[in-house]
1. Return only the number of the condition from (1) of a type in the set (D, E, K, R); (2) surrounded by fewer than 18 Cβ atoms within 10 Å (Cβ to Cβ); (3) under 30 Å from C:A191 (Cβ atoms) that C:D302 does not satisfy.
2. Has the stretch C:42-56 got at least one residue that is outside any loop (DSSP other than H, G, I, E, B), away from chain B (no Cβ under 14 Å) and within 28 Å of B:W304 (Cβ to Cβ)?
3. Could you grab me the full set of residues in the stretch C:244-264 that are small (G, A, S) and in a strand (DSSP E or B)?
4. Among C:T181, C:T157, C:T96, which is more than 14 Å from chain A (Cβ to nearest Cβ), within 30 Å of B:A296 (Cα to Cα) and either touching a Ser or Thr at 6+ places or on another chain (Cβ under 6 Å) or of a type in the set (G, A, S) (or both)?
5. Go through the stretch C:88-105 and count every residue that is in contact with an Asp or Glu (Cβ under 9 Å, 6 or more places away or on another chain), buried (at least 20 other Cβ atoms within 10 Å of the Cβ) and in a strand (DSSP E or B).
6. Identify the single condition in (1) without any contact (Cβ under 8 Å) to a residue 60 or more places away in the chain; (2) in contact with a Leu (Cβ under 9 Å, 6 or more places away or on another chain) that B:K110 does not satisfy, given that it satisfies every other one.
7. Considering only residues that are in contact with a Ser or Thr (Cβ under 7 Å, 6 or more places away or on another chain) and in a helix (DSSP H, G or I), look in the stretch A:1-31 and name the one that is farthest from A:M75 (Cα to Cα).
8. What is the number of the single condition among (1) more than 8 Å from chain C (Cβ to nearest Cβ); (2) of a type in the set (S, T, Y); (3) without any contact (Cβ under 8 Å) to a residue 40 or more places away in the chain that A:S73 does not meet?
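The values are calculated or read from the model by the stated rules, or taken from the named source; none is laboratory data. Since the structure is predicted, the reported quantities are computational estimates derived from the model, not experimental observations. Cβ atoms come from the backbone with ideal geometry, glycine included; neighbour counts cover every protein chain shown.
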Amino acid sequence: MFKRLHDDNTFVFTFDGTDIQACKGETVAAALFANGIAALRKTHTSSSQRGPFCMMGACYDCLVEVDGKTVQSCMLPAQPGLQVNRAKAQDE
Amino acid sequence: MTIRSESEFAVVGGGVVGLSIAYGLLNKNKNVTLFDEGDLALRASRGNFGLVWVQGKGAGMPTYAKWTRASASRWQSLARQLSNDTGWDLALQQRGGYSIYLDEKSLEKKVATLTELKKQLGGDYPFEVLGHNAIKKEEPHIGKDVVGAVLHHEDGHLNPLVFLRSLVKATQLRGLKVVQKKVTLITPSGNGFTVQTTDQQQHLTEKVVLASGLGTKALGETLGFKVPIRPQRGQVLITEKMPPVINRPSDEIRQVNEGGIQIGASAEECGFDDKETIKTTAELASNAIKQYPILAKAQLVRSWGALRIMSPDGFPIYQQSTTCPGAYFATCHSGITLAAAHAQLLPQWLCGDGAAITDLGIPFHDFSENRFDV
Amino acid sequence: MATDDTDIVIIGGGPAGMSAAICAASHGATVTLLDEQPTAGGQIYRGLSNGDNRIAGLLGKDYQYGKKLIDQLARTTVQHLTNTTVWSVDENAVITYSKDHQANRIAAKIVIIATGALERPYPIPGWTLPGVMTAGAAQILLKTSGIVPEQPVLAGTGPLLYTVASQLLGAGVKIAAVVDTVTSKNHLRAAKQFPITTPGPLLTGLSYLKKIKRTQTPYYKGATQLKITGDRSANGIEFQHKGKVVSLRSNCILLHQGVIPNTQLSRSLRLEHHWHSLQQCFHPSIDQWGKSSLDNIRIAGDGAKIGGAIIAEHHGTITALGALADLEKITEQTRDKLAALPLAAIHRLDRLRHFLDALYAPPVHYAEPTDDTIICRCEEVTAGDIRRYAKLGCVGPNQTKSFGRCGMGPCQGRYCSLTVTEILAAENKLSQDEVGAYRIRSPVKPVTLEELASLHD
């Protein structure tokens, strides 16, 4: 659904244990999009799927978990070796 | 100026106290009109903590302890009735609640207070003291700095916003008339009262109940009440939704049924300022992490301040006007805990049978504002 | 705790914030600029400092223009804190922010809020599905990472929609369709506002539309009843066009319905706001120098009124000049002299803005979402829920918040506040000013309890 115009300076981080290829300067949300991953979490209220919506830190739909904290993947620079997980919903 | 409506009861105040009373009166088939303000009114009912709380209430006034317990024991029936009316679940849980302590001295002091209260209540006051290991067994996420807790088995909590919404819907279903205008003046007239609103309308009523929290002051004084109340700011934090981490509520921290962790219990004297401050919210956060270290990484989504309605001794006031009989004044800072009493017992007093409450072993005249006369 | 007062603290590093900082520093004020992004530029010039000419080339000269401001800012004495999230500003101009997972406070004599715009919420059924994002979000992906959607549908209206379409086409993207909600009524209304001067930006806009035509991109004008299809993620869009239902397949839908001021901080400060009927949103009330209803709080750029990058840049300068004069760094005469040019420029560009506001006014259906449409994305509250709360007696958004958790999630109403106001206004037959907006509380952006606790002395 998304593609990179240029593939340079690639490195790898993990999302739920899976290797994700990222390019320098990308946020986690951007890298996931480039790898065909748009759905990042389920909502607490109805367990519906959500993914990045605004890409500017305003909507909080792109939440993921890093180091036990819920963070916005669109505001989080991808870095080599970073371990990113899906944020847990209330029923998980 | 036109006369709009005639009713047996006018209830001034659309918060939890006013609505609970109105609900009770409607259940007694009374004709009730409720007056409520606009969107930005000071609304204690929308800032509260959602506890149905017994422990410690009434230390220094056993009647209040009895009144609190009378309400707590009626809460399941109120919740059932409201759910039947509306189809909504209040998420009421009365499986006990804690006061959690980080130092031995404060814990001992609390235990002494509750022991004295238990004595005054004839030994019927089900609480127990849990040491660190005992509370850790109940609450696996409790911090190492917690020395112990008091567990009172009659304590509980609910979703206060669903409760508020349920009261609005249930009273609407039972024929409550609502006037969404601020009341400017209430005057005795004929066999009752004239209630005047900001839009210059007049409403006639046989009896009037002032349940308008901090807004009661000016209205009440013209009806002969002293209204000795003041605002006290409480600040509350709410985190992002989390998987279940807290089993039972405490008077400072609870996990709401939607998953967020609510943290509260500050008290500040700062007039009508209901803003949140970093100083107090930082203190609340620090205390919460000591009690439940797992909360350190939780994201705080929002904080807010709201104003409690405090009487000089902190206990409720229920008063009928001596100069204008038929005018009643009700106030408390525990509108959730006391809602069942307000819906099921207070209407008897409003309908002229206060003795029925006293017959339950709760000397109702103790709540008169005359107790503040020197 | 707060260090010694800085003369001026500016929140937001877009055109308004950058120009305010440059101006204030050049007249001897101590200036701190707090910005959420890793580099200066705001959303409009985002990624420009990365220096990737392959991408800057695709984005055009209006984008590259921002380099001038970014370079100028770098040459000043301004203390520029990047990756810095402000989550509280109080009425004493004390700002609390997070940087590197650490909470800090800074006190200012004057705060300039330059937090720019947000895309107007455009709630239609299915807009919460993965694969649906704002047109601005797609543009950010292009600007920052050179990532582009494949066969997207762009839907809605507003200058940015056509800009993004044109930029994506330029990047070689095949656009599945542009579903335009603009109506001929808008054309008539806009004709009355036609600007006599400054056709430059207008010609640019026309060239975008021409490019859409030239590339034979399917273009549906006057679409209504938009609805995104899909179960777990978006797989298409349906809408009414010329009396027929059109159904298109795409797993990437880019929505846009114009932009509105980001008023989270000004609301949290309980500043005065008013409804602006042409822009169909609330503006914080400010005087000609950007001064809000609190003397020490100023608002510059799109956060005050939507004007676009160039107006924001001039407004930033004017707001800084007002602050400098109040701090007695310059005289009022100097202020007035220096403000003359930017004021004249704003005056000139305002005429174009009025034309655009009229032409791209959101369609009626945007403010009247169907009952099943989710309005509050965070708490999943629907338009039908809000209408039911109105029937229970909710006259204002703060009541609907208590009744149904609408606006209580982490975004604190950024993507539902305006719609809730519109629905309540319609249901209760009140004006938007009478209905009002959410009371915003700190933190305006979530912060961990440990960070907040670190501020406890």
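1. Evaluating C:D302 over (1) of a type in the set (D, E, K, R); (2) surrounded by fewer than 18 Cβ atoms within 10 Å (Cβ to Cβ); (3) under 30 Å from C:A191 (Cβ atoms) leaves (2) as the failure.
2. Step one: list which residues in the stretch C:42-56 are outside any loop (DSSP other than H, G, I, E, B), which gives C:48-50, C:53-56.
Adding the requirement that they be away from chain B (no Cβ under 14 Å) leaves C:48-50, C:53-56.
So of that shortlist, the ones also within 28 Å of B:W304 (Cβ to Cβ) come out as none.
Checked against the condition, which is being outside any loop (DSSP other than H, G, I, E, B), away from chain B (no Cβ under 14 Å) and within 28 Å of B:W304 (Cβ to Cβ), the stretch C:42-56 yields no hits at all.
3. Residues of the stretch C:244-264 that are small (G, A, S), as a first pass: C:247, C:250, C:258.
Residue satisfying the conditions is C:S247 alone.
4. Values: C:T181 fails: within 30 Å of B:A296 (Cα to Cα); C:T157 fails: within 30 Å of B:A296 (Cα to Cα).
After applying the criteria, what remains is C:T96.
5. Initial filter on the stretch C:88-105 (in contact with an Asp or Glu (Cβ under 9 Å, 6 or more places away or on another chain)): C:88, C:93, C:96, C:98, C:101-103.
In the following step, the residues that additionally are buried (at least 20 other Cβ atoms within 10 Å of the Cβ) were identified as C:88, C:93, C:96, C:98, C:103.
Next cut, in a strand (DSSP E or B) only: C:88, C:96, C:98, C:103.
Summing the residues that are in contact with an Asp or Glu (Cβ under 9 Å, 6 or more places away or on another chain), buried (at least 20 other Cβ atoms within 10 Å of the Cβ) and in a strand (DSSP E or B) in the stretch C:88-105 gives 4.
6. (2)
7. A:A30
8. (3)
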